[in-house]
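Notes to accompany the following structure.
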Amino acid sequence: ALKTNTTLEVLFLDWNDIGTEGCEAIREALEYNHTLIILRLGDFEIATEVEGALYEKHQRRLLDVLNSDTKAPLNRSRVMFVGQGRAGKSATVRSLSLEGFVSEWNSTAGVDIKELRTSENKYWEEPWCYRDFTTQFAARLVFTPNGVTRKSQLPSSQNNNHQVSAAETVRVDYQTVPPKNSFGVLKGPDIMRESSTELFFDAKRSIDSLTLSLWDFGGQEVFYSMHHLFLTKSGVYVVVFDMRELSEPSTRTEAKTYLLFWLRSIKLHAPNVSVLLVGTFLADIIEEKYNLQDIDKILRELTKLSFA
């Protein structure tokens, strides 16, 4: 059954008297099984050898992936939050992260970056397995059928999902097979030392997940000259603005100037990306009985000026 099983990840048999013959049968089955991650058979010699063989098998599969041309989409995209200072960019990012609102949040200095990934229940979560990207990507390829994951649902202009191999994610030459120690376990380069059950579990969970890198750009003008170094032609742009500023006659001109600046900057650096306009402080707008249609009209005029 272990030969043909495609779902079992953990197998504890150390309280069973499986003996030498049972261990040899499991060793043979492991040649055909590609899903088992943890195996516990007991404290006798052959059991330890079989457990080590499984660990070595995963390490060898990682090394094979690094030395192969097996390719898969990165399943990653960058989302850039831009806009005037104190408009609510950080609060928007925290909301996407399912974090609570903080009224006394300090303004972002420069840029804050965090990653979110779709979880098994389709909610966003922070990746819990922090390792170098090459290790994570290679481990995902190990558990990817035929080395190809599902196609990205994002247009090519919004993602980095061109297909790459694990070796293309680093500038390190892994052509030389690392030596073995006396237990037959690969010592190898650092990427092999990082292999662990946590890494493999995380790899299996992330095969069909999408990782978003959220860039929260500081809205103060002193940072604007630096921001242009990081505005890329791929990804998704979120322009956050304070709807109160557009509604009040005394602040409307300045708010429109900032919005126009960011829309034109995006047009210059990334003419084919999707741009989302996010208005904040809706509760205040409703309380003050401002007309949302007036705000909509202003936004239509500004986008027409920027992308016509």
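The values are calculated or read from the model by the stated rules, or taken from the named source; none is laboratory data. Source: prediction; values computed, not measured. Methodologically, a virtual Cβ is constructed for each residue, glycine included, from the backbone with ideal geometry; neighbour enumeration extends over all protein chains shown. Accessible surface areas use protein heavy atoms only, side chains included; no ligands, DNA or RNA. Shrake-Rupley method; radii C 1.70, N 1.55, O 1.52, S 1.80 Å.
What residues qualify as long-range amide H neighbours of SER274, i.e. H under 5 Å apart, gap of 5 or more or another chain, H built at 1.01 Å from N?
So SER274 has HN proximity to TYR237.
May I ask you to evaluate 6.51 cos²θ - 1.76 cosθ + 1.60, the Karplus curve with θ = phi - 60°, for each residue of the range 17-24 and list the ³J(HN,Hα) values in order in whole Hz, giving x for glycine and proline?
8, 7, x, 5, 4, x, 5, 5
Say R0 is 22 Å: what FRET efficiency, to the nearest 0.05, do THR197 and THR48 get from their beta-carbon distance?
Details: r = 16 Å, r/R0 = 0.74.
Computed FRET efficiency for THR197 and THR48: 0.85.
Karplus couplings for the range 281-293 from phi (6.51 cos²θ - 1.76 cosθ + 1.60, θ = phi - 60°), rounded to Hz, Gly and Pro as x?
For the range 281-293, the Karplus curve yields 6, 4, 4, 5, 5, 5, 5, 7, 6, 6, 8, 5, 5 Hz.
List every residue whose amide H lies under 5 Å from the amide H of LEU74, counting only residues 5 or more places away in sequence or on a different chain, with H placed 1.01 Å from N in the peptide plane.
It is HIS162, VAL164, by chain and number.
Less than 15 Å from a label point 7 Å out along the Cα-to-Cβ axis of ASN5: which backbone N atoms in the range 29-48 qualify, by residue?
Backbone N within reach: 29-42.
Distance from the Cα centre of the range 228-271 to that of the range 18-61, in angstrom?
About 58 Å separates the Cα centre of the range 228-271 from the one of the range 18-61.
Just to be sure I understand: if I project the alpha-carbon convex hull of the range 1-132 onto a plane and average over all orientations, what area do I get in nm²?
Numbers: hull surface 52.0 nm².
The directionally averaged projection comes out at 13.0 nm².
What is the distance, in nm, between label points placed 7 Å from the Cα along the Cα-to-Cβ direction at ALA25 and at HIS228?
Each label point is offset 7 Å from its Cα along the Cβ direction, giving 7.2 nm.
So how do 24-32, 209-217, 249-257, 277-285 stack up, highest first, on mean other-Cβ count within 10 Å? Write down the numbers at each step before the final one.
Details: 24-32: 14.6, 209-217: 19.9, 249-257: 12.6, 277-285: 16.1.
Per-residue Cβ counts within 10 Å, averaged per peptide and sorted highest first, yield 209-217, 277-285, 24-32, 249-257.
From the residues TRP15, GLY85, ILE37, which one has its Cα farthest along the dipole of the range 1-130 in the positive direction, the dipole being from +1 and -1 charges on Cβ of Lys/Arg and Asp/Glu about the Cα centre?
GLY85
Which distance in nm do the two modelled labels at ASP64 and SER107 give, with both placed 7 Å along the Cα-to-Cβ direction?
5.6
State the extension gain, in nm to one decimal, for the chain segment bounded by ASP14 and GLN293, taking 0.36 nm per residue of separation less the distance between their alpha-carbons.
On the way: separation 279, 0.36 × 279 = 100.44 nm, distance 6.88 nm.
Once the chain is fully extended between ASP14 and GLN293, it gains 93.6 nm.
From the backbone phi of the range 26-38, what are the Karplus-calculated ³J(HN,Hα) couplings (6.51 cos²θ - 1.76 cosθ + 1.60, θ = phi - 60°) in whole Hz, Gly and Pro given as x?
Rounded to whole hertz, the list is 5, 4, 5, 5, 5, 5, 10, 8, 10, 10, 5, 10, 10.
Provide the per residue accessible area, probe 1.4 Å, for the range 1-79, rounded to a whole number of square angstrom.
Values: 4350 Å² over 79 residues.
Using a 1.4 Å probe on heavy atoms only, each residue of the range 1-79 averages 55 Å².
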